[in-house]
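See structure below.
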Amino acid sequence: FKKQKPQQISLTTICPGNTALMFFWGLSNIKQYVADYTDFMTTNFHKRSYSDICSFYDTVYNMNVEEKFFNQLKSEVGLVVTENPNTETRYRSYALFKTKDIDDFLEGIAMFSDKPDEKNAGEKDSFAIKRFIPERFFRNFFGEMFAPLDSAYYTHIDDYVIFGSSPTSLDLFISGYLSGK
């Protein structure tokens, strides 16, 4: 965090009322933070460097991670865990990112997402839900606490993109948001 400036938090405006835990990173430069974090992990824990991880995703998934993902993010990153005792999976994890422009972000990641009409996507109250194809993306760039999102789906609310582990989990998040709680 040494190269970062504090940021105002507005992410809580979209978090549902059943949010049990929220980790928040207010970052003035998300790409710089991720590079610093992954390089720290490389030095201290023998993990892969930021440039190695970017090269992997750029090659395997034919994507430019910096241009299509990190350069499109604004200043807020969050990991939210919700609790719902009425479902089989009691806790659900979500990654939330504030974008500079949601339309540009969605256009940029469309090339590594399932199209809306494919079997693993859906729609809830006009919120399109798509599958994010790269595996272990959030764990590799943001750390082990993002492991529940090794296989992810996403939607958006306002200027935030929300990643969840399944279309059902995103349906629950959207329902919580729409309830106004």
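The values are calculated or read from the model by the stated rules, or taken from the named source; none is laboratory data. Not measured: the values here are computed from a predicted model. Note that we place each Cβ from the backbone using ideal geometry, even for glycine, and neighbour counts take in every protein chain shown. What goes into the accessible areas is simple: the full protein's heavy atoms, side chains included, and nothing from ligands, DNA or RNA. Shrake-Rupley method; radii C 1.70, N 1.55, O 1.52, S 1.80 Å.
Before we move on, is Asp159 at pLDDT 90 or above and surrounded by fewer than 22 Cβ atoms within 10 Å (Cβ to Cβ)? Answer is yes for this residue.
The residue that is nearest to the chain's Cα centre (by Cα), counting only those in the stretch 30-48 that are loosely packed, with under 15 Cβ neighbours inside 10 Å and either of a type in the set (S, T, N, Q) or at pLDDT 90 or above (or both), is Gln32. Restricting Phe127, Phe142, Phe146 to residues that are touching a His at 6+ places or on another chain (Cβ under 8 Å) and over 12 Å from Arg92 (Cβ atoms) narrows the list to Phe127. Is it true that Asp58 is in contact with a Phe, Trp or Tyr (Cβ under 8 Å, 6 or more places away or on another chain), among the acidic types (Asp, Glu), open to solvent by 50 Å² or more (accessible area, probe 1.4 Å) and in a helix (DSSP H, G or I)? Considered against the rule, which asks whether it is in contact with a Phe, Trp or Tyr (Cβ under 8 Å, 6 or more places away or on another chain), among the acidic types (Asp, Glu), open to solvent by 50 Å² or more (accessible area, probe 1.4 Å) and in a helix (DSSP H, G or I), Asp58 comes out as no.
Restricting the first member to the stretch 90-114 and to residues that are in a loop (DSSP other than H, G, I, E, B), and the second to residues that are aromatic (Phe, Trp, Tyr), the beta-carbon pairs closer than 9 Å and six or more apart or on different chains are Asp114/Phe132; Asp114/Tyr153.
A quick yes/no check of all residues on (1) of a type in the set (Phe, Trp, Tyr); (2) closer than 20 Å to Ile129 by Cα; (3) free of Cβ contacts under 8 Å to residues at least 40 places away in the same chain:
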position: Phe1; (1), (2), (3): yes, no, yes
position: Lys5; (1), (2), (3): no, no, yes
position: Ser10; (1), (2), (3): no, no, no
position: Trp25; (1), (2), (3): yes, no, no
position: Thr43; (1), (2), (3): no, no, yes
position: Gln72; (1), (2), (3): no, yes, yes
position: Ser75; (1), (2), (3): no, no, no
position: Thr82; (1), (2), (3): no, yes, no
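If the condition is being open to solvent by less than 30 Å² (accessible area, probe 1.4 Å), closer than 19 Å to Ile157 by Cβ, among the aliphatic types (A, V, I, L, M) and touching a helix residue (DSSP H, G or I) at 6+ places or on another chain (Cβ under 8 Å), then the stretch 1-29 contributes only Ile14.
Scan the stretch 65-77 and give yes if some residue there is among the aromatic types (Phe, Trp, Tyr), crowded, with 20+ Cβ neighbours inside 10 Å and out of contact with any Leu (no Cβ under 9 Å at 6 or more places or on another chain), otherwise no. Quick ask: steps written out before the conclusion?
Filtering the stretch 65-77 down to residues among the aromatic types (Phe, Trp, Tyr) leaves 69-70.
Now drop any that are not crowded, with 20+ Cβ neighbours inside 10 Å, which leaves 69-70.
Add one more test, that the residue is out of contact with any Leu (no Cβ under 9 Å at 6 or more places or on another chain), and what stays is 69-70.
For the stretch 65-77, residues among the aromatic types (Phe, Trp, Tyr), crowded, with 20+ Cβ neighbours inside 10 Å and out of contact with any Leu (no Cβ under 9 Å at 6 or more places or on another chain): present.
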